[in-house]
Amino acid sequence: MTAYLLDANALITAHRQWYGFDFCPGFWEWIVAQHAAGRVYSVARVEAELLGADDQLASWARQLPDGFFLRESDTEAAAFANLATWARRQNYQPAAVATFLQSADAALVAQAQARKSTVVTLEVRSGSPRIVKIPDACVGLNVDYLTPYAMLRREKARFILGGPT
């Protein structure tokens, strides 16, 4: 059974564009149900990003059950050290590596590697030495990643329109 770790951009963009709380509550209910089934999580640093806003997404995030946002353990700390070693050995500029390693993105990739989970993100590979993107790190560490749409299709999520309102 695959577990998914959601990047902040997967939630923020869903909220702002595709799956607004006002017209697609099923998306948000699906995430909560999948978490209850042990399938969908995120990380504490993503939580901090979401709670930094004063919007409906932050309110939703505050109501999520304990355990949705994973905290770092010794296993993830070792994976993070592995990620840092990988990043420093690539052709990235030192500032790019430092920025990445301080980000929620790095925590997400490290958690995914440690838990053998799949990262869900909208990011694409950068191909630039000036920025480390989640897919670059995932490829470098052999961590699966996919888009939110691919996750929803893989899991056969369905948001069925109810009767007229």
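The values are calculated or read from the model by the stated rules, or taken from the named source; none is laboratory data. Model, not experiment: these values are computed from the prediction. Quick reminder, even Gly has a Cβ in these numbers, built from the backbone with ideal geometry, and neighbours come from all protein chains shown.
When the stretch 70-103 is examined, which residues are found to be within 19 Å of the chain's Cα centre (by Cα), hydroxyl-bearing (S, T, Y) and more than 19 Å from R115 (Cβ to Cβ)?
Within the stretch 70-103, just T99 meets the criteria.
Do you know which residues across the stretch 74-97 are assigned to a loop (DSSP other than H, G, I, E, B) and either touching a residue at least 40 places away in the same chain (Cβ under 8 Å) or surrounded by 19 or more Cβ atoms within 10 Å (Cβ to Cβ) (or both)? Give the derivation first.
Start the filter on the stretch 74-97 by keeping residues that are assigned to a loop (DSSP other than H, G, I, E, B), which leaves 90-93.
Across the stretch 74-97, the qualifying residues are Q90, Y92.
State whether the residues of the stretch 103-123 include one that is surrounded by 14 or more Cβ atoms within 10 Å (Cβ to Cβ), modelled with pLDDT of 95 or more, of a type in the set (D, E) and part of a loop (DSSP other than H, G, I, E, B).
Yes; the residues of the stretch 103-123 include at least one that is surrounded by 14 or more Cβ atoms within 10 Å (Cβ to Cβ), modelled with pLDDT of 95 or more, of a type in the set (D, E) and part of a loop (DSSP other than H, G, I, E, B).
Tally up the residues in the stretch 1-17 that are in a loop (DSSP other than H, G, I, E, B), modelled with pLDDT of 95 or more and over 15 Å from L51 (Cα atoms), please. Don't jump to the end; show me each part of the working.
Taking the stretch 1-17 and keeping what is in a loop (DSSP other than H, G, I, E, B), we get 1-3, 7.
Imposing the further condition that a residue be modelled with pLDDT of 95 or more reduces the set to 3, 7.
Then drop every residue that is not over 15 Å from L51 (Cα atoms), which leaves 3.
Residues meeting the conditions: 1.
Within the stretch 104-146, count every residue that is closer than 20 Å to T75 by Cβ and among the polar types (S, T, N, Q). So that I can check it myself, show each step before the final result.
Step one: list which residues in the stretch 104-146 are closer than 20 Å to T75 by Cβ, which gives 104-119, 134, 137-138, 140-145.
From what's left, among the polar types (S, T, N, Q): 111, 113, 117-118, 142.
Count: 5.
Report yes if some residue within the stretch 37-55 is out of contact with any Phe, Trp or Tyr (no Cβ under 7 Å at 6 or more places or on another chain), closer than 18 Å to R154 by Cα and surrounded by fewer than 20 Cβ atoms within 10 Å (Cβ to Cβ); otherwise report no. Write out each step before concluding.
Restricting attention to the stretch 37-55, the residues satisfying the condition of being out of contact with any Phe, Trp or Tyr (no Cβ under 7 Å at 6 or more places or on another chain) are 37-38, 45, 48-55.
So of that shortlist, the ones also closer than 18 Å to R154 by Cα come out as 37-38.
Still in the list and also surrounded by fewer than 20 Cβ atoms within 10 Å (Cβ to Cβ): 37-38.
Yes, because at least one residue in the stretch 37-55 is out of contact with any Phe, Trp or Tyr (no Cβ under 7 Å at 6 or more places or on another chain), closer than 18 Å to R154 by Cα and surrounded by fewer than 20 Cβ atoms within 10 Å (Cβ to Cβ).
Taking the condition of being part of a loop (DSSP other than H, G, I, E, B) and either more than 12 Å from the chain's Cα centre (by Cα) or among the basic types (K, R) (or both), how many residues in the stretch 145-165 meet it? Spell out how you get there, then give the answer.
Within the stretch 145-165, the subset part of a loop (DSSP other than H, G, I, E, B) is 147, 155-165.
Cutting the leftovers down to either more than 12 Å from the chain's Cα centre (by Cα) or among the basic types (K, R) (or both) gives us 155-165.
Of the residues in the stretch 145-165, 11 are part of a loop (DSSP other than H, G, I, E, B) and either more than 12 Å from the chain's Cα centre (by Cα) or among the basic types (K, R) (or both).
So how many residues does the stretch 105-164 have that are among the acidic types (D, E) and under 17 Å from A14 (Cβ atoms)?
Going through the stretch 105-164 one residue at a time, the tally reaches 2.
Is it fair to say F100 is closer than 23 Å to T13 by Cα, among the aromatic types (F, W, Y) and buried (at least 19 other Cβ atoms within 10 Å of the Cβ)? Reasoning before the result, please.
Details: closer than 23 Å to T13 by Cα: yes; among the aromatic types (F, W, Y): yes; buried (at least 19 other Cβ atoms within 10 Å of the Cβ): yes.
Here the answer is yes, as F100 does meet what is asked.
Only one residue in G20, G67, G26, G38 is part of a helix (DSSP H, G or I) and over 13 Å from the mean Cα position of the chain (by Cα). Which one? Can you show your working first?
Values: G20 fails: part of a helix (DSSP H, G or I); G67 fails: part of a helix (DSSP H, G or I); G38 fails: part of a helix (DSSP H, G or I).
Checking each option against the conditions leaves just G26.
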